[in-house]
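Every read-out reported here was derived from the displayed coordinates using simple, explicitly stated rules and does not represent laboratory data. Everything quoted here is computed from the prediction, not taken from an experiment. Reconstructed Cβ throughout: ideal geometry from the backbone, glycine too, with neighbour counts over all protein chains shown.
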Amino acid sequence: MEFIAQYEAEVRLTVFLVVLSAMISAEAAWPRRARVQERGSRWPINFAFMIIASIVLRLAAPVLSVAAAMLAEERGWGLLNAVDLPVWAEVAIALVILDLALYGQHRAMHAVPVLWRIHKVHHTDLDLDATSGVRFHPVEYVLSALYKVIIVLFLGPMAAAVILFEIALNGFAVFNHANLHLPRWIDAPLRLFFVTPDMHVVHHSVTGDETNRNFGFCLTVWDRLFASYQGQPALGHRAIKIGVAGWRDPATVTFRSLMVTPFTKLRPGETYRPGETPTAKAS
């Protein structure tokens, strides 16, 4: 645990690059769906969002969740600092509660109109692959970081547990967005516990009812418990349409348009939150 805390940045970056490289290679060998766009038109956008967010978050290092965990431990704040638990138990509880907190955050991003305007940048990708897992608007990265700070200060987990969660979160975001065809004998038992690519693709359907399903990042228990689980896309994996209504034209899904979309008018066919009936005139 001390090694993880001491070399947090190096460990997180190494695991992320290993998982990303593995998923990109696996996608090339066993793709689940045919591509709608060439990688050359999508990947620069996705990686640009990741790089900008990394710079912004590193500049905001004093308020990140790991720093918050260190502060909580130093001051004795949080529920876990009020009880004496074995390290393994504290880490396990922290990982589960943090995952639940991210599930709640994700549902809020779809339910609150102003948050959906920010989060829909992630959903505008017309294909789904490993790089989609880093396609988030910088404002969403910052809001998520601040939200996790609040949760960490309330919970009081050790810093190493927070780092492990961030590593798992990054790894699963890449894995469950991958355009990867897992055999049913692997996918079925795996999704009993963890979110798989075949499960998460439902969430990226252009259909509002499906967009509001499968919010989990790591654990599947929350979708099952809160009745947001859907096993397969209604149209099947080869016919599913991925994206957001009003953002289906590849020529208009540019980095510039995505950067300003949280602050601009809705496009024709868009709604203030997924699942709503579109109004006759976007506003």
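To make sure I understand, if each residue's beta carbon is the centre and we count other beta carbons within 10 Å, what order do Asp209, Asp125, Asp223 fall in, fewest to most? Please list the in-between numbers first.
On the way: Asp209 12, Asp125 25, Asp223 21.
In order of increasing Cβ crowding within 10 Å: Asp209, Asp223, Asp125.
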Among [x] 51; [y] 66; [z] 47, the entry that matches percent of Cα pairs over 24 Å apart as calculated here | [x]
Rounded to the nearest 10, the angle in degrees between the Cα long axis of helix 138-155 and the longest principal axis of the Cα atoms of the chain comes to 30
Built amide H within the under 5 Å cut-off of Leu180, gap 5+ = Arg32
Taking the chain as the reference, fit the longest principal axis to its C-alpha atoms, fit the long axis of helix 113-123 to the helix C-alpha atoms, and give the angle between the two in degrees, 0 to 90, nearest 10.
-> 80
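Could you tell me which of rounded, prolate or oblate describes segment 86-210, using a ≥ b ≥ c as the square roots of the eigenvalues of the alpha-carbon gyration tensor, with rounded for a/c under 1.5 and, failing that, prolate when a/b is larger than b/c and oblate otherwise? Walk me through the numbers on the way to the answer.
Working: a/c = 2.06, a/b = 1.20, b/c = 1.72.
Taking the square roots of the gyration eigenvalues as a ≥ b ≥ c, segment 86-210 is oblate.
So for the chain, averaging the separation of alpha carbon pairs under 8 Å that are six or more residues apart and normalising by length, what relative contact order in percent results? Kindly include the intermediate steps, with their values, before the conclusion.
Values: 422 pairs, mean separation 70.9, N = 283.
In percent, rounded to a whole number, it is 25.
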So, in Å, what gap is there between the alpha-carbon centers of segment 231-272 and segment 210-225?
-> 21
When a footprinting reagent is the concern and you count Cβ atoms within 10 Å, what order do Asp198, Asp187, Asp249 take, fewest first?
-> Asp249, Asp187, Asp198
For segment 86-140 and segment 162-201, what is the separation of their C-alpha centers, rounded to whole Å?
-> 14
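Which longest uninterrupted range of the chain lacks any GluC sites (Glu not before Pro) assigned by DSSP to a loop state (not H, G, I, E or B) and surrounded by at most 14 other Cβ atoms within 10 Å?
Values: sites that count: Glu38, Glu276.
Between the exposed loop sites, the longest stretch runs 39-275.
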For Lys265, Lys120, what's the fewest-to-most ordering of other Cβ within 10 Å of each Cβ?
-> Lys265, Lys120
Under 1.5 on a/c is rounded, so check that first for segment 183-283, then, if it is not, pick prolate when a/b is larger than b/c and oblate when it is not; a ≥ b ≥ c are the square roots of the alpha carbon gyration tensor eigenvalues.
-> prolate
Against the longest principal axis of the chain, how steep is helix 65-75, in degrees 0 to 90 to the nearest 10, with axes from Cα atoms?
-> 20
